Structures are given as C-alpha cells and as structure tokens.
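Some notes on the structure that comes next.
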Amino acid sequence: MLLAIDVGNTNIVFGVHDGAQWLHHWRIRTVREKMPDEYGVLFRTILNEAALGMDSFDRVALSSVVPPLTGRIEEMLEDHLMKKPLIISHRVATGLRFAVDNPAEVGADLIADAVAAYAQFKGACIVVDFGTATTFTAVAADATFLGVAIAPGMNLAASALAGGTAQLPQISLDPPASPIGTNTITSIQAGIVLGYTGLVEGLLLRIREAMGVQAPAIATGGLSRIMSPLTSCFAAYDPWLTLEGIRLIAERNV
C-alpha cells in the first residue's frame, strides 16, 4: 500500500493507494510552524479514522514545494511509519525529459502533474494547477517537460486586493451571476473569478500556439473546482492529479 503526500504552500494533500485504486484522499492546511511529532499525531489521527495504522504502508512518496517542511515531514515519516520516503524531484526516474534551463528549479508538484497528465493523454498536454499560484505546465508529445507559466493564484489576488485598498474586503471566491457586479462583493468576484477565466483561456491559446499543437488541458488543484465549470477549455478535471503523478513516479522507482 502506498501513502502519497503533496506538501503545498496552502494545503497538504495526501492519499492511500492499494495498488489497484485510490482508497482515500485528504486535504489539510499547511502549517509551517508544526514540528514532526505534531504532524505525526495529525496523520495518525486521520489514518486511524480510516481504519489504517501507521504501519499499513510498504511505500511512501513525498512531493514538497515548502523546503522548511520537507525535512520535517520526512522525519515524521521515518519516525512514525519507519519508512524513508521517495522524495520527488527531477533526479528520480519520472519518464520525462526536461527542456528547461535548470531542472532543479522545477517544483516537485509540477513534475508529478506532468507525469500524470502525460499518462492520461498519452501525448502532448497542458496542466493548469489552481493553487497558491496558478501554474500552466506544458508537456510535448515525446514526454519532454517544455516549461511553465506562473501567475498569482486567485486567493493571492483577492488577498492583495483587500490588503492594498482601504475599502475592499476579503471575499469568498464564488462565481458571480453576472460579469457586471452590483455590489462590492459581486464586483470583486467578477473581476477575480471571471477575470481568471479570461486569463486561463488566453494563456492556454498562447501556449498551444507556442507548442504548435492543440494540446488538451487538464485542471487540477484546490481551486480547480471553481474554475473548471466556467470554461470549455479543459478536456478533463482531476483535483487529485498530483497524487496520481506521485504514484506513477513511485512505481517507476520501486
């Protein structure tokens, strides 16, 4: 049984795969100040509620884009699961070739996204991950990791707007009924939620032109549930795509 963990700036996502299917997925808040033992208690409690013990796993794989937490989660896994996790990076077997200037700069989550999307589409593809940042990862037909476009995530944009103005509040990112807001909240929702729809559609058009192929796009990440229904530019939607990529990489590195 595999425990796959993705440590992001906003959320830690993890899931359990039994070799045939995903049995469970969880999403918890990232707290950079937590110590290994605190995460150990949290993981033990969540797994126990699913009738799983810390000794249920023969493999563990970890993707992290939060360097201060990478070592702590790794220490927690070694202490509480007695397993040394596979740390996802460009240095492990992924099945990808990298055409970027410095592969070491590529986030582990983007690598996992690319692996999972390429396995699904079996050719050129684009992953749009709606998280703390909104990222666009392009993969060529020959499994070459071409590169990434990065924009601020919708939550960051909303927080920046609220923090940088005197009268605009922090809002929930719900799609408004109209692109023309009739009050402060719906006006901000129109600008951010529907505005990001335009950003996604426009950037996907440019990326496809640069790739020279009408590559299918897949939406993932915590905020993809909001964005994917608002546009027809996605061929698929999978909020757990990163975990699937971690699983596939773990299989390549048994």
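Here are a few things to note about the model shown:
- Across q = 0.08, 0.09 Å⁻¹, the stretch 116-254 modelled as identical point scatterers on its alpha-carbon atoms has Debye log10 I(q)/I(0) values of -0.24, -0.30, in the order of the q list.
- For Rg and Dmax of the Cα atoms in Å, the candidate list reads [x] 18.9, 57; [y] 18.0, 55; [z] 16.8, 49; the entry that matches the value derived from this model is [x].
- Rounded to the nearest Hz, the phi-derived 3J(HN,Hα) couplings of the stretch 73-78 under the Karplus curve 6.51 cos²θ - 1.76 cosθ + 1.60 (θ = phi - 60°) are 5, 4, 5, 4, 5, 5, where x marks glycine and proline.
- Residues whose amide H lies under 5 Å from that of LEU86, counting only those 5 or more places away or on a different chain, are VAL60, ALA61, LEU62; hydrogens are built 1.01 Å from N in the peptide plane.
- Normalised contact order of the chain, rounded percent, pairs of Cα under 8 Å and 6 or more residues apart: 18 percent
- The ellipsoid that matches the Cα gyration tensor of the stretch 2-66 has semi-axes, each √(5λ) in whole angstrom, of 19, 14, 10, with the longest given first.
- Think of each Lys and Arg Cβ as +1 and each Asp and Glu Cβ as -1; about the Cα centre, that makes the dipole of the chain roughly 300 debye.
- Of the residues THR132, THR231, THR94, the one that moves most in a GNM of the chain with alpha-carbon contacts below 10 Å is THR231.
- Stretching LEU199 away from SER56 to a fully extended chain increases their span by 47.1 nm, per 0.36 nm per residue minus the current alpha-carbon distance.
- Couplings 3J(HN,Hα) of the stretch 212-217, computed from phi: x, 8, 7, 5, x, 10 Hz, in residue order, whole Hz [Karplus 6.51 cos²θ - 1.76 cosθ + 1.60, θ = phi - 60°; x for Gly and Pro].
- Across the stretch 184-254, the relative contact order, built from alpha-carbon pairs under 8 Å that are at least six residues apart, equals 26 percent.
- Given charges at beta-carbon only (K, R positive; D, E negative), |dipole| of the stretch 14-163 in Debye: 200 debye
- Accessible-area composition of the stretch 85-204, carbon plus sulfur, in percent [1.4 Å probe]: 57 percent
- Full-extension gain in nm, ARG252 to GLU209, via 0.36 nm per residue minus C-alpha separation: 12.3 nm
- Accessible surface calculations at 1.4 Å, restricted to protein heavy atoms, place the stretch 47-178 at 45 Å² per residue.
- For the chain, the longest principal axis of the C-alpha atoms and the axis of helix 108-121 are separated by about 80°.
- Antiparallel bridges, percent of DSSP beta bridges restricted to the chain (to nearest 5): 60 percent
- For the options ASP113, ASP55, ASP129, a Gaussian network treatment of the chain with springs between C-alpha atoms closer than 10 Å singles out ASP55 as fluctuating the most.
- Computed accessible area, GLU49, all protein chains, 1.4 angstrom probe, square angstrom: 150 Å²
- Taking the three principal axes of the alpha carbon atoms in the stretch 29-151, the coordinate ranges are 42, 28, 24 Å, sorted in descending order.
- Working note: Karplus 6.51/-1.76/1.60 with θ = phi - 60° gives the stretch 237-249 the couplings 9, 8, x, 10, 4, 4, 5, 5, x, 4, 4, 5, 5 Hz, where Gly and Pro are set to x.
- Expected 222 nm ellipticity per residue - DSSP helices of 4 or more, -39500 (n - 2.57), all of the chain, to 500: -11000 deg cm²/dmol
The values are calculated or read from the model by the stated rules, or taken from the named source; none is laboratory data. It should be emphasised that the depicted structure is a prediction, and the values quoted were computed from it without experimental measurement. So basically every Cβ, Gly included, is an ideal-geometry build from the backbone, and we count neighbours across all protein chains shown. What goes into the accessible areas is simple: the full protein's heavy atoms, side chains included, and nothing from ligands, DNA or RNA. Shrake-Rupley method; radii C 1.70, N 1.55, O 1.52, S 1.80 Å.
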